[in-house]
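Visitor: Okay, handing you the structure first.
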Amino acid sequence: MSKERLLTGLQPSGALTIGNYIGGVKRLLKYQDEYDTFLFVPDMHAITVTQEPALLHKRIKELVAIYLAVGIDPKKVHLYIQSENLYHANLSWILECHSYFGEMSRMHQFKEKSKNHENFTCGLFTYPALMAADILLYDAKYVPTGADQKQHVELARNIADRFNSRYGKEYFVKPEPVIPEVGARIRDLQDPSKKMSKSTDNPKASVFMTDDEKSIRKKFASAVTDSDGKISFDEENKPGVSNLLTLYSVFTGLKIDEVVAKFQGSGYGDLKNEVANVVIDTMKPIQDKYKYYLESTEIDEALDEGREFTNKIAKEKYEIIRNVVGLGRN
Ligand code: TYM
């Protein structure tokens, strides 16, 4: 029996945080053996906000180097760049014409990102249609992401459903979001009410996968906790401490209860120090490999292969959809 398809992508809009690592890439190491896995660089999503072109090119390459350094095997996973496949944008347009202004307006990410700007792009608004196209083009059944992307995957599911019922056949597979039980929303170290984000103005707020040992230690040492002084897991009342416990759990594989038990009687300083240790121990070998891959030809080889393969699949799907909605000649 052929394997079921799974797909995800991480924007090249900055260095990846340990939140992206947990919500976006780490789990793929297991999935790449179990599923027909598609992992791409959504560079067209990145230009929904202003980007510096040379820097964007650089970040695309760095992102692929990170994928490989984490242990993504291009022999098992289709690795490709969104903009090297024209069918994403073409399908996105058709899907935009099958989605409603009201539902797009309800997207949390759009509301969050547009709130402090008078001039945001139309792309920022229609972004979820492009994300739906990314998923539906390949009939992906599972979409692993962090909690922040769940609403977008659900929208893709609704668009698929609407399209299928309007045209009377299951043209699109309905995708399912796969959100991790622990670590779906790693929090900002300085303001634990927010998610840890790539694009933060506060250098102490996010730990990046490429941060050196010294800065990882410093960032955790200054993480905001609370004045209670007791180590327990309570995301609502103790979001800072709970975030540190979550990180320790994800990086060691211990359950939250086990982590809480381990740190009974310890102070916040010990917890911060131990979290820094496990993050450094995990990131160090990834960082070494990352340097190697950045200089290697393996990035281009994997991307060329991924581009050829995914263009074929996407073309087939797109031609069917184009015809179904009545575009062009029959
Ligand atoms: P992006 O680039 O913002 O984030 C990449 C992945 O990291 C997850 N993530 C987190 N997980 C836990 N804690 C956090 N603090 C945290 N911050 C981010 C995200 O949920 C995501 O899994 N729109 C997507 C990219 C995309 C995509 C797609 C994903 C475009 N097309 C199709 C899946 C399928 C995004 O901006 O992710």
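The values are calculated or read from the model by the stated rules, or taken from the named source; none is laboratory data. No experiment lies behind these values; they were computed from the predicted model shown. A quick note on method: Cβ atoms are made from the backbone with ideal geometry, for glycine too, and the neighbour counts reach across all protein chains shown. We work out accessible area using only protein heavy atoms, side chains counted, and drop any ligands, DNA or RNA first. Shrake-Rupley method; radii C 1.70, N 1.55, O 1.52, S 1.80 Å.
Visitor: Residue check: is residue 2 modelled with pLDDT under 95, within 26 Å of residue 187 (Cα to Cα) and not hydrophobic (A, V, I, L, M, F, W, C)?
Guide: no
Visitor: I've got another one for you. Looking only at residues that are within 17 Å of the chain's Cα centre (by Cα) and acidic (Asp, Glu) in region 113-157, which one is nearest to residue 310 (Cα to Cα)?
Guide: Out of the qualifying residues, it is 134.
Visitor: I need the helices (runs of 4 or more DSSP H) fully contained in region 1-82, keeping only those with at least 2 residues that are away from the ligand (no atom under 11 Å from the Cβ) and in the same structural domain as residue 176 (by TED's automatic domain parsing).
Guide: Hits in region 1-82: 28-34, 53-70.
Visitor: Turning to a different aspect of this structure: Which number in (1) within 13 Å of the ligand (Cβ to nearest atom); (2) among the acidic types (Asp, Glu); (3) open to solvent by 60 Å² or more (accessible area, probe 1.4 Å) marks the one condition that residue 134 misses?
Guide: The one condition residue 134 does not meet is (3).
Visitor: Ok, one more. Given 204, 198, which one is touching a residue at least 60 places away in the same chain (Cβ under 8 Å), surrounded by 14 or more Cβ atoms within 10 Å (Cβ to Cβ), among the basic types (Lys, Arg) and in a loop (DSSP other than H, G, I, E, B)?
Guide: Sole residue among the options that is touching a residue at least 60 places away in the same chain (Cβ under 8 Å), surrounded by 14 or more Cβ atoms within 10 Å (Cβ to Cβ), among the basic types (Lys, Arg) and in a loop (DSSP other than H, G, I, E, B): 198.
Visitor: Kindly list, by first and then second residue, each pair from a residue in region 215-243 that is closer than 16 Å to residue 188 by Cβ to a residue that is polar (S, T, N, Q) and in a loop (DSSP other than H, G, I, E, B), limited to pairs with Cβ atoms under 7 Å and residues at least 6 apart or on different chains.
Guide: Final answer for the pair search is 224/190; 238/232; 239/193; 240/225; 241/225.
Visitor: Please identify the pairs in which a residue from region 295-320 that is polar (S, T, N, Q) has its Cβ atom under 6 Å from the Cβ atom of a residue that is open to solvent by 20 Å² or more (accessible area, probe 1.4 Å) and not in a helix (DSSP H, G or I), counting only partners at least 6 apart or on another chain.
Guide: Matching pairs, first to second residue: 310/78.
Visitor: Specify the residue that is surrounded by the most Cβ atoms within 10 Å (Cβ to Cβ); the eligible residues are those in region 137-188 that are assigned to a helix (DSSP H, G or I), more than 12 Å from the ligand (Cβ to nearest atom) and among the hydrophobic types (A, V, I, L, M, F, W, C).
Guide: 159
Visitor: Under 8 Å between Cβ atoms, which residue pairs at least 6 apart in sequence (or on different chains) link something in region 12-25 that is crowded, with 23+ Cβ neighbours inside 10 Å with a partner that is of a type in the set (Lys, Arg) and not in a helix (DSSP H, G or I)?
Guide: Close Cβ pairs satisfying both conditions: 16/198; 17/198; 19/185; 19/195; 20/198; 23/185.
Visitor: Could you please give the count of residues in region 193-222 that are hydrophobic (A, V, I, L, M, F, W, C) and farther than 27 Å from residue 59 by Cα?
Guide: 1
Visitor: Condition check: in a loop (DSSP other than H, G, I, E, B), more than 11 Å from the ligand (Cβ to nearest atom) and either in contact with a Leu (Cβ under 7 Å, 6 or more places away or on another chain) or not assigned by TED's automatic domain parsing to the domain that holds residue 99 (or both). Does residue 193 satisfy that?
Guide: Yes, satisfied.
Visitor: Are any residues in region 19-54 out of contact with any strand residue (DSSP E or B) (no Cβ under 9 Å at 6 or more places or on another chain) and among the aromatic types (Phe, Trp, Tyr), and if so, which ones?
Guide: Matches in region 19-54: 21 only.
Visitor: Further question on the same structure: If you scan region 26-55, which residues turn out to be in contact (Cβ under 8 Å) with a residue 12 or more places away in the chain, more than 21 Å from residue 122 (Cα to Cα) and open to solvent by 50 Å² or more (accessible area, probe 1.4 Å)?
Guide: Across region 26-55, the qualifying residues are 26, 29, 33, 34.
Visitor: Pull up region 261-284, narrow it to residues that are β-branched (Val, Ile, Thr) and open to solvent by less than 30 Å² (accessible area, probe 1.4 Å), then point me to the one that is farthest from residue 226 (Cα to Cα).
Guide: 280
Visitor: So for region 97-111 (the condition being of a type in the set (Lys, Arg), near the ligand (Cβ under 10 Å from one of its atoms) and not in a loop (DSSP other than H, G, I, E, B)), does at least one residue qualify?
Guide: no
Yes/no matrix, rows are residues, columns are (1) open to solvent by 90 Å² or more (accessible area, probe 1.4 Å); (2) without any contact (Cβ under 8 Å) to a residue 12 or more places away in the chain; (3) more than 18 Å from residue 160 (Cα to Cα):
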{"residue": "67", "(1), (2), (3)": "no, no, yes"}
{"residue": "71", "(1), (2), (3)": "no, no, yes"}
{"residue": "75", "(1), (2), (3)": "yes, yes, yes"}
{"residue": "78", "(1), (2), (3)": "no, no, yes"}
{"residue": "85", "(1), (2), (3)": "no, no, yes"}
{"residue": "96", "(1), (2), (3)": "no, no, no"}
{"residue": "103", "(1), (2), (3)": "no, no, no"}
{"residue": "110", "(1), (2), (3)": "no, no, yes"}
{"residue": "117", "(1), (2), (3)": "yes, yes, yes"}
